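Quick notes on the structure that follows.
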């Protein structure tokens with residue numbers, strides 16, 4: 001399906017919400033509201049190639065007789081609706097940025113790895129759907145553990161294993177579901193449908209089938225921190241050797257994390273796995289030599305194929321190179337409004353506050369600024385953003401377009417300075433950052449000693 005106008009977007013999201021309410025009570029003994037939600041989902045995709053498959057699945061689920069294939073069809077319909085919303089919003093973002101987007105052909109599905117483990121994951125996810133969010137208990141949540149343990153040794157299954165592990169942990173932390181005051185229906189619906197589709201052949205990410213040779217100019221770092229994990233995603237512009245238009249690319253690293261390592265200490269965990277973070281902290285470019293690159297613009301980082309280059313100011317890159325950069329398409333399974341993160345550069349804006357929300361107004365458009373996304377693991381602060389005159393950010397969507405700051409140019413003691421969210425990624429002499437680094441070092445030393453004692457026992 002396609003979604004274009006605001007009315008169509010609202011209708012697509014309403015159908016997703018209705019299905020998510022159906023999952024709340026479970027699909028084992030569906031009540032009237034559940035049946036209505038299933039019908040809304042089927043109606044929303046009635047004009048698409050999924051119509052017959054989803055219609056049958058909704059009918060079986062309404063009778064409490066849905067099987068695993070029916071649940072997969074429902075998850076596919078939900079994902080297709082959100083994908084249509086994503087495509088419409090991405091088109092709007094491209095109009096705002098003036099960006100062009102490349103197209104690539106879909107690859108044939110790969111052979112499924114360890115089909116029995118994928119089937120086991122589908123079985124657990126189907127049981128979760130039958131129980132519903134109100135019916136979850138510790139026994140059900142723990143059912144994912146043996147599947148996750150069996151998947152982890154297989155590199156091709158680690159993406160799904162990590163997703164299942166995190167999803168099961170969230171469910172376990174919320175047990176019993178019957179007593180929950182508030183259910184994160186959209187989030188759990190996203191995790192459930194995504195995991196279910198990842199059990200199907202061809203749904204997982206394909207290996208990189210291209211390489212990148214040229215200069216990489218970092219724009220900023222988007223840091224995601226969880227109690228037990230942390231991820232850094234570097235957004236950058238790639239200039240290929242031999243000419244050609246610059247491209248927007250990303251490089252990411254995710255690592256497990258003790259909950260005692262916080263703020264600037266997380267860089268210690270990430271740095272050894274991605275030398276690019278040091279280049280970001282030092283404000284330098286990197287030269288890539290045949291670095292693997294996916295069709296979606298993700299660099300599969302290999303330190304052996306990268307070397308540090310000359311100084312490269314991110315704000316200068318944003319001013320000069322970013323406007324000409326093209327974007328690569330989004331993988332089908334990643335087409336979701338929450339995944340929109342378009343690098344933009346703004347300057348000459350008017351800052352104001354709408355209640356507690358900071359806003360930037362430029363060229364007749366007003367963007368709420370998502371200062372809550374600014375990590376504490378860097379020198380960038382909401383106050384610096386509010387007093388800035390230029391900003392590199394990510395254009396995101398949350399009921400409307402919002403701006404997540406990655407770096408700003410502001411004035412400190414009558415002097416223009418640049419502040420970056422990832423400035424401490426390669427290390428820092430800043431007093432606050434150095435204290436956090438030392439605390440993290442001490443915490444890691446204690447944890448290693450304890451782990452060593454346990455192993456010796």
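Give the number of residues within the stretch 86-102 that are under 21 Å from the mean Cα position of the chain (by Cα) and part of a helix (DSSP H, G or I).
Number satisfying all stated conditions: 10.
Take the residues in the stretch 288-300 that are surrounded by fewer than 19 Cβ atoms within 10 Å (Cβ to Cβ) and assigned to a loop (DSSP other than H, G, I, E, B); name whichever of them is nearest to the chain's Cα centre (by Cα).
296
Determine whether the stretch 305-312 contains at least one residue that is outside the structural domain of residue 86 (by TED's automatic domain parsing), crowded, with 20+ Cβ neighbours inside 10 Å and in contact with a strand residue (DSSP E or B) (Cβ under 9 Å, 6 or more places away or on another chain).
yes
Test each condition in (1) buried (at least 16 other Cβ atoms within 10 Å of the Cβ); (2) assigned by TED's automatic domain parsing to the domain that holds residue 377; (3) at pLDDT below 90 for residue 345 and report the one that comes out false.
Every condition holds for residue 345 apart from (3).
Give me a count of the residues in the stretch 239-287 that are part of a helix (DSSP H, G or I) and touching a strand residue (DSSP E or B) at 6+ places or on another chain (Cβ under 6 Å).
7
Of all residues in the stretch 350-383 being buried (at least 21 other Cβ atoms within 10 Å of the Cβ) and out of contact with any helix residue (DSSP H, G or I) (no Cβ under 8 Å at 6 or more places or on another chain), which is nearest to residue 336 (Cα to Cα)?
My answer is 367.
Results for (1) closer than 30 Å to residue 432 by Cβ; (2) free of Cβ contacts under 8 Å to residues at least 60 places away in the same chain, shown as yes or no for each residue.
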residue: 192; (1), (2): no, no
residue: 234; (1), (2): yes, no
residue: 250; (1), (2): yes, yes
residue: 259; (1), (2): yes, yes
residue: 264; (1), (2): yes, no
residue: 276; (1), (2): yes, no
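Quick one: how many residues across the stretch 419-429 are free of Cβ contacts under 8 Å to residues at least 60 places away in the same chain and out of contact with any helix residue (DSSP H, G or I) (no Cβ under 7 Å at 6 or more places or on another chain)?
1
Search the stretch 196-212 for residues that are farther than 19 Å from residue 74 by Cβ and pair each with any residue that is at pLDDT below 70 when their beta-carbon atoms are under 8 Å apart and the residues are at least 6 apart or on different chains.
204/110; 206/107; 206/110; 209/107
Which count do you get for residues in the stretch 220-230 that are in a strand (DSSP E or B), in contact (Cβ under 8 Å) with a residue 24 or more places away in the chain and surrounded by fewer than 19 Cβ atoms within 10 Å (Cβ to Cβ)?
Qualifying residue count, the stretch 220-230: 2.
Tell me, which residue of the stretch 339-362 that is outside any strand (DSSP E or B) and closer than 24 Å to residue 320 by Cβ is nearest to the chain's Cα centre (by Cα)?
341
Considering each of 333, 315 in turn, give the residue that is in contact (Cβ under 8 Å) with a residue 24 or more places away in the chain and touching a strand residue (DSSP E or B) at 6+ places or on another chain (Cβ under 7 Å).
After applying the criteria, what remains is 315.
Can you give me the ranges of the helices (runs of 4 or more DSSP H) entirely in the stretch 1-84 with at least 3 residues that are at pLDDT below 95 and out of contact with any helix residue (DSSP H, G or I) (no Cβ under 6 Å at 6 or more places or on another chain)?
In the stretch 1-84, the matching helices (runs of 4 or more DSSP H) lie at 6-25.
The values are calculated or read from the model by the stated rules, or taken from the named source; none is laboratory data. Please read all numbers here as calculations on a predicted model, not as lab measurements. All Cβ positions, even for glycine, are placed from backbone atoms using ideal geometry, and neighbour counts span all protein chains on display.
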